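The structure under discussion appears below in the form of structure tokens.
The values are calculated or read from the model by the stated rules, or taken from the named source; none is laboratory data. Computed from a prediction, not measured in an experiment: that's the story for all the values here. When we count neighbours, we look across all protein chains shown, and the Cβ atoms used for this are built from the backbone with ideal geometry, even at glycine. Accessible surface is based on the protein model in full, side chains and every heavy atom, while ligands, DNA and RNA are left aside. Shrake-Rupley method; radii C 1.70, N 1.55, O 1.52, S 1.80 Å.
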Amino acid sequence: MADGSSESKSSNQMWGGRFASGPDAIMEEINASIGFDKKLYAQDIRGSIAHATMLAHQGIISAEDKDKIVHGLNTILSEIESGSFEFSRRLEDIHMNIEARLAALIGPAAGRLHTARSRNDQVALDFRLWAKEELQKTEKALTALIAAFLDRAEEHAETVMPGFTHLQTAQPVTFGHHCMAYVEMFGRDRARVRHAIEHMDESPIGAAALAGTGFPIDRHMTARALGFREPTRNSIDTVSDRDFALEFLSIAAIAATHLSRLAEEIVIWSTPQFGFIRLSDAFSTGSSIMPQKKNPDAAELVRAKTGRINGSLIALLTVMKGLPLAYSKDMQEDKEQVFDAAENLELAVAAMTGMVRDMTVRADRMKAAAGSGYSTATDLADWLVREAGLPFREAHHVTGRAVALAEEKGCELADLALAELQAINPAITDKVFDVLTVEASVASRTSFGGTAPAEVRKQIAWWRTRN
């Protein structure tokens, strides 16, 4: 006959070794968020100080209790930053950990802090504050990356390189112009960051659980104290909204995609087959068995981190897609994704800024490649339209015949004899050779936003006034 102890043992085995104490252990494990939301301690304390100050100002709590609360919260802040604070999983999250410690420090006055608020608006506040501050850091990091590109663009406004479509040589461009393409991309990323900061510049505190509160609070006062433009305007939306986190992740994913495209080019350019750039040992590693190898590991890791950031966006979109209003515990899963994406984006931007400033540009290899693949063929077609008056489609056909002849002879377009070109079309004169060099090609592209060195310098000057 089985006794109670063996039945209990059997029941515990069902839960597995990690959860040997039964379902209570599972609930504690799945419910606790202190392992990651302790990152919000500074925002939580800052929000609580602003809330307590407002409560006292409105006569909801006494000035004496407010002073005790503020002193206790500042003591807790010092303890956390010194490493002496003990976080407890039993207390679930950062809010309850701080509240419990505050009660131990100041006694019953601590219980008045939670008047006219809920953990729902409290966590929304903490998370918004953190995201806003993180985006401000991202803005500065992107500004530094743009500045690095502007310096390289100015240095190489006349350095000729091949421009590609389908990774095939298309037309000559300058390396400065290529750098400015990334200035535009990261400039848009920075603009998205600024817009997101504006979108989330509303204070959630005071929305309470979902319906607001009957206490005579002043939400505009706490909004000002916390550096927000104004309070949020709907209490239900306030506690159920996480689109600020989704916007954060969306911005991070787009910026990471731009970083990944650049990383891919650095990987390609640093191969012996291209040889357009060299990275120093600071951003490269060697092979364990091949002494000749120098691998662009920093660029490859930036490229890989894009997958993590994109995954975070998809994860949170999936968490939020089926949630009814207002708050659901599912939303506890929002922070880890954002924290991870922010950390990896910050590292990737810093690494890329370092690589852009570190790389040695091999202008000779770029110039040699710029003329390959008959990259000035479009210049010949344009010359036939402009100087010989041919319709573009006919000029395109004539140019194709010239390219075929050059391929047959194993030479470049500029190496064809005038008589050979005139045999294709008698309207061609010796002036055509003025446009068949890569230098002449890039110099001729003077349209707004084009690759001509003078135009590149104009764009650099424009961006320097805005960076």
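Once the piece of chain linking Glu300 and Ser447 is laid out straight, how much longer is it, given 0.36 nm per residue of separation minus the C-alpha distance between them? Before the final figure, lay out the partial values.
On the way: separation 147, 0.36 × 147 = 52.92 nm, distance 3.52 nm.
Difference between extended and current length: 49.4 nm.
For every helix of n ≥ 4 consecutive DSSP H residues, a contribution of -39,500 (n - 2.57) applies; sum these over the chain, divide by its total residues, and give [θ] at 222 nm rounded to the nearest 500 deg cm²/dmol.
Numbers: 19 runs with 290 residues, N = 467.
Calculated mean residue ellipticity at 222 nm is -20500 deg cm²/dmol.
Starting from the Cα of Ala63, step 7 Å along the direction of its Cβ; do the same at Arg365; then give the gap between the two resulting points in nm.
7.2 nm
Computed from the coordinates I sent, percent of Cα pairs over 29 Å apart equals one of [x] 47; [y] 54; [z] 63. Tell me the label.
It is the one labelled [z].
Among 213-219, 434-440, how do they line up from the highest to the lowest mean number of other beta-carbon atoms within 10 Å?
Per-residue Cβ counts within 10 Å, averaged per peptide and sorted highest first, yield 434-440, 213-219.
Of Tyr182, Ile277, Gly163, which is farthest along the charge dipole of the chain in the positive direction, counting Lys and Arg as +1 and Asp and Glu as -1 at C-beta?
Tyr182
Going down the table (Lys38/Lys321; Lys140/Lys367; Lys367/Lys431; Lys137/Lys367; Lys39/Lys294; Lys409/Lys431), which pairs top 32 Å between alpha carbons?
Over 32 Å apart, Cα to Cα: Lys140/Lys367; Lys137/Lys367; Lys39/Lys294.
How far apart, in nm, are two points set 7 Å out from the Cα along the Cα-to-Cβ line at Arg278 and at Asp24?
6.7 nm
At 1.4 Å probe size, with the rest of the protein present, what percent of the exposed accessible area of the stretch 326-467 is carbon and sulfur atoms?
Roughly 53 percent of what the probe reaches on the stretch 326-467 is carbon or sulfur.
Taking R0 as 41 Å, what's the FRET efficiency between Lys39 and Arg357 from their Cβ-Cβ distance, rounded to 0.05?
About 0.85, to the nearest 0.05.
Could you provide, to the nearest whole Å², the per residue accessible area of the stretch 25-113 with probe 1.4 Å? Before the final figure, lay out the partial values.
Details: 4210 Å² over 89 residues.
That works out to 47 Å² per residue.
Would you please give the FRET efficiency between Ile314 and Val385, computed as 1/(1 + (r/R0)^6) with r the Cβ-Cβ distance and R0 = 51 Å, to the nearest 0.05?
So, using R0 = 51 Å, E works out to roughly 0.60.
In the chain, what % of DSSP beta bridges are antiparallel (nearest 5)?
Counting DSSP beta bridges with both partners in the chain, the antiparallel share is about 80 percent.
Reachable aspartates and glutamates from Lys458, Cα under 17 Å, same-chain residues fewer than 8 places away excluded?
Cross-link targets: Asp151, Glu154, Glu155, Glu158, Glu184.
Given points 7 Å out from each Cα along the Cα-Cβ axis, report the Arg393 to Ala209 separation in nanometres with one decimal.
Between Arg393 and Ala209, the simple spin-label model gives 7.3 nm.
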